[in-house]
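Bear in mind that the values in this text are calculations on the coordinates, not laboratory data. Keep in mind it's a predicted model, so treat the numbers as computed, not measured. Cβ placement follows ideal geometry from the backbone for every residue including glycine, while neighbour counts extend to all protein chains displayed.
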């Protein structure tokens, strides 16, 4: 955890909680004490480099795998003891393809899938199929990555789950399909007030949808905050500084990331803007501008700052 | 009637503030007037490709400020008593603040900016085309 950034999200009735989750694959540590909190009704973006534990986390929430220690709750139910109930409440778009059903025609695959869900809404499924231009007669095996993604989205949404777990949902989709998917998700959220936990490498694509972000690194959270808190508290300070300037001692714990050289340098700092600006001035810097960061910039600053440590 | 709201992802303001400011702008330029209907939360969220909760938040704040009202089952409307002049003042302050920030980033004092704005304005009045070309170079 970067000491500067608080990560104890306040949530009265969270949809997802994990506490101190640990998971090893043989000797490979996938999760290293993950404390995730996803508030009810949030659109939570999980970002981080490959292997930081995003997919593993989703699989634990679905009880497709079990953690080595720690615990998880989905709507106050432990996936380990209430796996079926938890899965019924979740719409899941997995990262890869669905093994086992490769030989099925898409239409049959959807019918088969729908039989597991009493709440399956065929009219809604049909409208999604039309909207996403899915050909029901094709074999699932023959679909491109983007095409299978669309089918998986129908499978995830049409039973109206209160929680969506989307693992790289935009992967392989062309720009128009991405835009459609965004629109479908917005409609879905408007209609159902569902909670969404999505992982992505393309933060900008989901930026306007997200209201929370967690940054994962090596199986742990570096930061976990509401969009508003990130916007208010994490800012880029463009500074003009003396040759031998070495920062403000009072801010040493608050600096998330720094770049550029003297005399002009840009520091990303977490804290109250007025206080930070005062400290910088006192330390001899001239503050040229203070700008908030987009989610993508914030994630990059947090991850790059980790490397600077 | 529908209003055109513009949201800029690279803007430094939070999206819900941008929506609020865009509605103020629509009031000032009179594309929205007293009792005009606003798009539904779902519609505006889908149009702008943003989280419906963000639209909800903007509408809630505007309602708190008394700029809009919600009629259950019918939709959201601009208040009958809305005063575009007051909103104009708010917008002017926002524009001024942005300009001052930009000036400071470029190492300019407020006085220098103000006199430059006056100069530029009188030049624009004389030869609008040439000045706009010159300014963009």
Spans of strands (runs of 3 or more DSSP E) in segment A:251-297 with at least 3 residues within 25 Å of the chain's Cα centre (by Cα), surrounded by 16 or more Cβ atoms within 10 Å (Cβ to Cβ) and touching a residue at least 40 places away in the same chain (Cβ under 8 Å): A:255-259
Residue hits (segment A:197-241; within 14 Å of chain B (Cβ to nearest Cβ), farther than 25 Å from residue B:46 by Cβ and assigned to a strand (DSSP E or B)) are A:225, A:234, A:235, A:236, A:237, A:238, A:239, A:240
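Residues are listed down the side, and each one gets a yes or a no for (1) buried (at least 18 other Cβ atoms within 10 Å of the Cβ); (2) at the interface with another protein chain (Cβ under 10 Å from one of its Cβ atoms); (3) over 13 Å from the mean Cα position of the chain (by Cα):
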position	(1), (2), (3)
B:15	yes, yes, no
B:18	yes, no, no
B:27	yes, no, no
B:30	no, no, no
B:48	yes, yes, yes
B:54	yes, yes, yes
B:68	yes, no, yes
Enumeration of residues in segment A:99-132 that are in contact (Cβ under 8 Å) with a residue 12 or more places away in the chain and over 27 Å from residue A:86 (Cα atoms): A:103, A:105, A:131, A:132
Would you call residue B:38 within 9 Å of chain A (Cβ to nearest Cβ) and under 14 Å from residue B:22 (Cβ atoms)? no
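Collect the residues in segment A:177-189 that are surrounded by fewer than 21 Cβ atoms within 10 Å (Cβ to Cβ) and within 13 Å of another protein chain (Cβ to nearest Cβ), keeping them in residue-number order. Show your work before the answer.
Residues of segment A:177-189 surrounded by fewer than 21 Cβ atoms within 10 Å (Cβ to Cβ): A:177-180, A:182-184, A:187.
Answer for segment A:177-189, where residues must be surrounded by fewer than 21 Cβ atoms within 10 Å (Cβ to Cβ) and within 13 Å of another protein chain (Cβ to nearest Cβ): A:178, A:179, A:180, A:182, A:183, A:184, A:187.
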Of (1) assigned to a helix (DSSP H, G or I); (2) touching a strand residue (DSSP E or B) at 6+ places or on another chain (Cβ under 7 Å), residue B:94 fails just (2)
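If a residue has to be assigned to a loop (DSSP other than H, G, I, E, B) and closer than 24 Å to residue A:59 by Cβ to count, how many in segment A:170-196 make the cut? First the steps, then the outcome.
At the first step, the residues of segment A:170-196 found to be assigned to a loop (DSSP other than H, G, I, E, B) are A:170-174, A:193-194.
From the residues that got through so far, the ones that are closer than 24 Å to residue A:59 by Cβ too are A:170-173, A:194.
Residues that pass the stated criteria total 5.
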So is residue B:22 touching a residue at least 40 places away in the same chain (Cβ under 8 Å) and away from every other protein chain (no Cβ under 12 Å) or not? no
Selection from segment A:77-98 of residues touching a strand residue (DSSP E or B) at 6+ places or on another chain (Cβ under 8 Å) and either in a loop (DSSP other than H, G, I, E, B) or touching a residue at least 40 places away in the same chain (Cβ under 8 Å) (or both) yields A:78, A:79, A:80, A:89, A:90, A:91, A:92, A:93, A:94, A:95
